[in-house]
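Written below as structure tokens is the structure these notes are about.
No lab work stands behind these numbers, since they all come straight from the coordinates. It should be emphasised that the depicted structure is a prediction, and the values quoted were computed from it without experimental measurement. Here Cβ is always computed from backbone atoms with ideal geometry, including for glycine, and neighbour counts include all displayed protein chains.
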Amino acid sequence: MQLVRQRSIWQGVSSLVGVILLLVLACSCAMSKGPSRVSINEDGVLIINGKKTLPIGFTSGPPINGKTPSGRNAYEELRDVGGTFTRTGIRGDQNENGMEETVWQREKLLMDNAAKYDMYCWPNLKGLSSLEEGNVKKEEMLRQVINSFKNHPGLLIWKNVDEAYWAKNPVEPMIRAYKVIKELDPYHPVVLSQAPRGTIEELIPYDTAADVLILDIYPISYPPGTHSLLANKELSMVGDWTRFIKEAAQGKPIWMVLQICWSGVHKPGKTLRYPTFAQERFMTYQALINGARGLIYFGGDLTQSMNERDARLGWNWTFWQRVLRPVLEEVGEGSPLYPALLEGDSKLPIKLTDANDVEYCVREVGRDIYILACKREGETVKVNFSGLPDWVTLGEVMYEAPRQVKVEAGEFTDWFAPFDVHVYHFKPM
């Protein structure tokens with residue numbers, strides 16, 4: 001009888017140990033990578049766990065257990081072409097008071113899922129990131145949230161007040177909250193978004209509340225260009241606003257939020273309109289050429305603007321397959337151009353003549369030279385590039401194979417139609 005009792009006790013202990021081991025294994029799988037460590041180098045390039053990265057984000061991403069139409073995991077699909085993160089955290093009209101428990105319980109699930117697929121989250125702190133003096137309850141809540149997630153492998157960056165200037169959010173409370181965030185978590189940048197509104201002088205004071213400045217601009221609508229109040233209603237407003245936020249950022253890195261779908265085309269009374277591949281490609285390259293060190297694509301989750309199949313799946317896979325994935329295959333991680341997008345601007349004396357509406361940047365990777373160039377609206381023109389090293393005789397026009405350009409005495413010419421993008425690659429023979 002005693003032997004039976006001992007065997008029963010031992011079986012119970014064994015079962016308990018088994019459960020504990022399963023829990024330990026489950027936790028270790030979720031956290032096996034260890035805390036993410038994120039910084040920014042002197043060129044404004046994001047460094048994730050020691051690796052230079054062009055951050056490519058989605059606001060917002062697919063559902064946690066989302067699938068593509070073919071049944072592939074949604075996050076695996078995004079990561080496949082360089083997708084880095086999705087916006088998470090407090091959404092819509094929810095505020096931080098009384099909502100924190102359910103919101104942040106969901107956040108852990110989102111971060112666990114992101115980390116599983118080597119992706120990250122951009123939690124929206126919303127009102128928590130604007131800390132009025134003496135608001136002890138809100139500060140305690142902010143500290144609790146930061147401490148809860150600062151060591152999670154799925155955390156990339158923090159999001160504070162959305163479109164802060166346009167929302168008329170006072171600066172000082174944001175600076176106060178920023179200092180608390182950085183005190184508790186020096187390893188994840190704070191990213192502040194602005195709308196295409198205001199002047200450079202009006203936006204500059206907000207710089208103190210962020211490590212990275214971003215701006216959203218959505219040119220595609222009927223009539224065109226309604227998102228911007230500037231005179232330019234063409235696609236090239238993306239470049240105008242990229243330079244605008246770059247100047248307002250005063251040396252801090254900038255990222256751009258580009259269009260999938262937005263309120264100006266999907267709300268009642270509006271006419272639904274998406275960018276074409278050529279338009280999305282131009283906007284992406286123009287942002288990069290003018291200084292963007294990160295790209296975010298907005299509106300993939302707006303189910304009211306989707307077809308029936310995509311609405312069931314919770315993300316705009318039709319747009320992804322036809323437009324966005326082909327664009328990211330050119331600039332995302334794993335693309336032949338990607339290493340050049342992680343470098344600072346070259347000091348080579350390369351110049352462009354015969355056109356004032358062609359924008360370009362030059363990057364070097366070892367001895368390889370890359371020129372990214374795009375043309376704004378206007379007439380088709382033939383332009384001249386000069387200043388290449390003497391050893392350069394031939395260049396590949398990337399993504400236009402088998403097209404090449406011949407270089408003589410450091411110069412070459414090429415044609416640009418309105419909204420053309422050409423990417424040149426020169427390498428030692």
Compute a Gaussian network model of the chain, connecting alpha carbons closer than 10 Å, and tell me which residue from Asp185, Asp240, Asp368 fluctuates the most. Asp368
If I build a Gaussian network model for the chain, linking alpha-carbon pairs within less than 10 angstrom, which residue out of Asn384, Asn65, Asn135 has the largest mean-square fluctuation? Asn135
For the stretch 394-429, list residues with backbone N below 15 Å from a point placed 7 Å from the Cα of Glu364 toward its Cβ? 426-428
Where Rh is the Kirkwood radius over the Cα pairs of the stretch 38-342, the temperature 25 °C and the viscosity 0.890 mPa s, what D in µm²/s does Stokes-Einstein return? 126
Taking 0.36 nm per intervening residue step and subtracting the Cα-Cα distance, what contour gain separates Glu76 from Lys116 on full extension? 13.5 nm
Report the residue, chosen from Ala292, Ala210, Ala278, that carries the largest GNM mean-square fluctuation when the chain is represented by alpha-carbon nodes joined by springs under 10 Å. Ala278
Which distance in nm do the two modelled labels at Glu201 and Glu247 give, with both placed 7 Å along the Cα-to-Cβ direction? 1.3
Does the stretch 351-426 come out rounded, prolate or oblate, given a ≥ b ≥ c as the square roots of the eigenvalues of its C-alpha gyration tensor, rounded meaning a/c under 1.5 and, failing that, prolate meaning a/b above b/c? prolate
In the stretch 209-367, what is the count of Lys pairs whose alpha carbons are under 26 Å apart, counting only pairs at least 8 residues apart or on separate chains? 7
Suppose every K and R has +1 on its Cβ and every D and E has -1 on its Cβ; what is the size of the dipole of the stretch 299-429 about the Cα centre, in Debye to the nearest 20? 200
Set of lysines near Lys138 by C-alpha distance (under 25 Å), chain-local residues within fewer than 8 positions excluded: Lys108, Lys126, Lys150, Lys159, Lys168, Lys179, Lys182
Rounded to the nearest 0.05, what FRET efficiency do Glu133 and Lys33 give with R0 = 25 Å and r taken as the Cβ-Cβ distance? Could you check? 0.10
For helix 100-116, report the angle its Cα long axis makes with the longest principal axis of the Cα atoms of the chain; keep it between 0 and 90° and round to the nearest 10°. 70
With angles folded into 0 to 90 degrees, how steeply does helix 171-184 sit against the dominant principal axis of the chain? Use alpha carbons for both and round to 10. 60
Let's test the formula: R0 of 22 Å, r as the Cβ-Cβ distance of Asp354 and Arg403. What FRET efficiency results, to the nearest 0.05? 0.65
Label model pair Glu329, Ala231: point-to-point distance (7 angstrom along the Cα→beta-carbon line) in nm is 4.1
Note the full-extension length gain between Glu183 and Ala417 as 0.36 nm times their separation in residues minus their Cα-Cα distance, in nm to one decimal. 79.2 nm
Let me check against my output: what whole-number percent is the relative contact order of the chain, with C-alpha pairs under 8 Å and at least 6 apart? 13
On a 0 to 90° scale, report how tilted helix 277-289 is relative to the longest principal axis of the chain, with both axes built from alpha carbons and the result rounded to the nearest 10. 90
Can you tell me the dipole magnitude for the chain around its Cα centre, using point charges on the Cβ only (Lys, Arg +1; Asp, Glu -1), in Debye to the nearest 20? 1500
